[in-house]
1. Return the sequence-ordered ³J(HN,Hα) values of region 420-428 in whole Hz as given by the Karplus equation 6.51 cos²θ - 1.76 cosθ + 1.60 applied to θ = phi - 60°, using x for Gly and Pro.
2. Local charge sum around GLY123 (other residues, Cβ-Cβ under 10 Å, Lys/Arg +1, Asp/Glu -1)?
3. Let me check I've understood the local charge: for ALA71, count other residues with C-beta under 13 angstrom from its C-beta, Lys and Arg +1, Asp and Glu -1. What total comes out?
4. Please list 274-280, 105-111 highest first by mean number of surrounding beta-carbon atoms within 10 Å per residue.
5. Could you point to the residue in GLY336, LEU417, VAL399 farthest towards the positive end of region 23-430's charge dipole, with +1 and -1 charges on the Cβ of Lys/Arg and Asp/Glu respectively?
6. Contact order normalised by length for the chain, with contacts defined as Cα pairs under 8 Å and 6 or more residues apart; what percent is it?
7. Given only helices, namely DSSP H runs of n ≥ 4 each adding -39500 (n - 2.57), what is the per-residue ellipticity at 222 nm of the chain, to the nearest 500 deg cm²/dmol?
8. With the cut-off at 1.5 for a/c, could you classify the chain from its C-alpha gyration tensor as rounded, prolate or oblate?
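Derivation of every value follows stated rules applied to the coordinates shown; laboratory data play no part. No experiment lies behind these values; they were computed from the predicted model shown. Don't worry about glycine lacking a Cβ; one is built from the backbone with ideal geometry, like all the others, and counts go over all protein chains shown.
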Amino acid sequence: MNHPGPLLLAHGVGSQHDLPISPFYAFAGAFAALFVSFLALGLLWSTSRFRGDRSGLALPAAVQRAADAPAVRLVLRGYGLAAALFVVLHLVLGPDDPDRNPAAGSVYVLFWVGLVPASLLLGPVWRLLNPLRTVHRLIQYALHRAVPGAVHKERSPLGLRPAAGGLFAFTWLELAAPEPASRTTLLVFLGCYTVLQLAAAARYGEGWFARGDAFEVYSTLIARLSPWGRRRDGRLVLRNALHGLDATEPTPGLVAVVCVMLGSTAYDGFSDAPSWISTVQTSPLGRTTTATLGLCGAIALVAALYALCAGATRLLGRAEHPLVDFAHSLVPIALGYLVAHYFTLLTTEGPRTLALAAGSEHPVAPEPPLSPGGLAVLQVVAIVTGHVLGVVAAHDRSVRLFPPSKAVAGQLPMLALMIAYTLGGLTLLIA
């Protein structure tokens, strides 16, 4: 993240100078992993095996009762609201110095980056912590006390598109805004976002947040790969993460969300390249405009490649809606990029931000937990694993949608897309 001033949050992606790994072995290994997995799936996986939200081993009833207990949910909502108030108070009253104010680190590191492992390990946690849901409920409670009677709310016709727009706005703030770590910038963004979300929830009801709140949608998509999930009957279960991924609803706007996730993370890695830094600093358009064009270009490239792949899939496999039918297979790819790009950021700036929030004066970030070589291996493995899981998810969907004679041919464009994304991700990592 290109934060100005003292808050120079370290990226998870380094340059070739501190990631001692051979490009040849990285690219060859990635290509071999994808190609071998594709061949193995074609030979051994002829029928769909994923059962989506019908799968999973039911957890004990006591665990279910504890997870669904009103008191537990009330505590979580209270914690989310308290954390939000903590950030807002530091933005309003704290110093305009990210080195002494924990607000920026809380937003960009503890919340934005920390939401990934939290959702992966615990499920869609932001749905329970979301302070906007809590504020909406308090407003509705007050209004209904004043005006008895519930008002029926229609469902938003926009699908996940508002969430895609919100994700883009936040990543623009993080990667292209003039002063993303300043108190004023964060206050304006958070204030505008809160007003828009609460206004939409007043129009469409609390169900709006599940589709319109960028961070709740983001957390829910990452949580599709969590070992915990809900069956269709509402039972809390332990399940294969790919079953949970298969349960992703093909909602309008899903493609836009995953393309923003992929494209913004790719741009974040590319923005560290010395050539791009020089371009941004010397561009006659100015830093913000140039960075904005770069961010939009990265997202547009990811979307264009996926749309091209979907068009080829439609021709080869005769699929009716390949654009949305295979969008879920991009989620593990996005997760692999997120792990590769932000591991170091979370493990160094995360503890520093916590120490700052606890009142420490000028805390020093700890050393990264992995050596440069270990970090390189983690990043390559994360990217390749994400793409292999994407191939598996796409293959299972192919054999479900396509007739047997077209199942393999129909997913060749998806394999080509996975290879292209993998090569691009590794290039950003080590080149």
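1. 4, 4, 5, 4, x, x, 5, 4, 5
2. After counting each charged neighbour, the total is +3.
3. Once positives and negatives cancel, what remains is +2.
4. Final packing ranking: 105-111, 274-280.
5. Highest projection toward the positive end goes to VAL399.
6. 28
7. -21500 deg cm²/dmol
8. Oblate, because a/c is 1.5 or more while a/b does not exceed b/c.
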